Each structure stands twice: as structure tokens, then as C-alpha cells.
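FYI, it's all coordinate maths here, none of it is from the lab. The shown structure was predicted, so the numbers you read here are calculated from the model rather than taken from an experiment. Please note: Cβ atoms are built from the backbone with ideal geometry, for glycine as well, and neighbour counts cover all protein chains shown.
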Amino acid sequence: MINNVQTEEDRIRESERSRLRALVAADITAAAPLHADDFQLITPIGVALSREEYLGAIAAGQIKYRAWEPNDIAVRLYGSAAVIRYRARLEVIFNGHLVPAADYWHTDTYEERNSRWIVVWSQATTISR
């Protein structure tokens, strides 16, 4: 059982890392299946974006991630649902304006759907110094 839990935690971590790589590359074809149809992001400034709004903004170049470097990803597994949390360094261009590199906390909920872990909710919080 312990090995199974670790295996699931690793699968969730790999899903998140794959998602981040796809977002930085603006590879919507790779990113879309990693986001639930009912996905919602709460940005650091409190704006709620649906899956279509978020991925559409990336596809249109309104959001361009230049870097997204996660630290260790903590996972809490609850059957077919999980919560992850990690600190990351991000650099992004938003609507043509460079947002300086900064550190953020990320909290995401994942669900296992059709034998795959996908992100359902995501929230990012700016770390003030």
C-alpha cells in the first residue's frame, strides 16, 4: 500500500511538471488534456479564469510564461482527489508587459479522471518579501 501511495504521488507530481512545461512552451495541445473541463485558476490578483479563458490567453500570447520553476511539490492524496502545494519562481509577460521574476505559492487540486490525474482548481499567491 505504501508503494501505491508513493506511486500515485509521483504520478501527480509528474502531471503538474508536464503541465508547467506545456504552459511555458505555450503548447496548448499538450496543456489542454492536463486541465479539467471545469478548471478554474485564481490569479495572484484575485481574477478567476476558466480553462478556456486561461488557455485562450496563453494561445493568444496575452500570457507568456518565460520561466516557471517549481521547488519540491508536496502532495496530499485523498483517494481519487489530491491537493498539491509548492513554491515556484515565475517570470511572465502579461499583455505585453514583463512582470519581474518573483516567487509564488501554488495550491492546486487534482482529480483522477479516466485513470489520469488532471488539475481542477489552481490558486497562485505572490510571496511578499
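Magnitude of the Cβ-charge dipole of the chain, K/R +1 and D/E -1, about the Cα centre, nearest 20 debye?
Roughly 300 debye for the chain.
Relative to the longest principal axis of the C-alpha atoms of the chain, give the angle of the C-alpha long axis of helix 2-24, reported between 0 and 90° and rounded to the nearest 10°.
Orientation of helix 2-24: about 20 degrees from the principal axis.
Pulled fully out, how much extra length does the chain show between D37 and A124, if you take 0.36 nm times their separation in residues and subtract their Cα-Cα distance?
29.4 nm
For the range 97-115 and the range 56-76, what is the centre-to-centre distance using only Cα atoms, to the nearest Å?
So the separation of the two Cα centres works out to 6 Å.
What full-extension length gain, to one decimal in nm, is calculated for R21 and V99 as 0.36 nm per residue of separation minus the Cα-Cα distance?
Result: 26.2 nm gained on full extension.
When DSSP assigns beta bridges and you keep just the ones with both residues in the chain, what percent turn out antiparallel, to the nearest 5?
90
Over the chain, what relative contact order in percent results from Cα pairs under 8 Å that are six or more residues apart?
24
Given Cα positions, please report Rg to Rh for the chain, the hydrodynamic radius being the Kirkwood one.
For the chain, the value is 0.96.
Say R0 is 25 Å: what FRET efficiency, to the nearest 0.05, do R87 and A48 get from their beta-carbon distance?
The calculated FRET efficiency here is 0.65.
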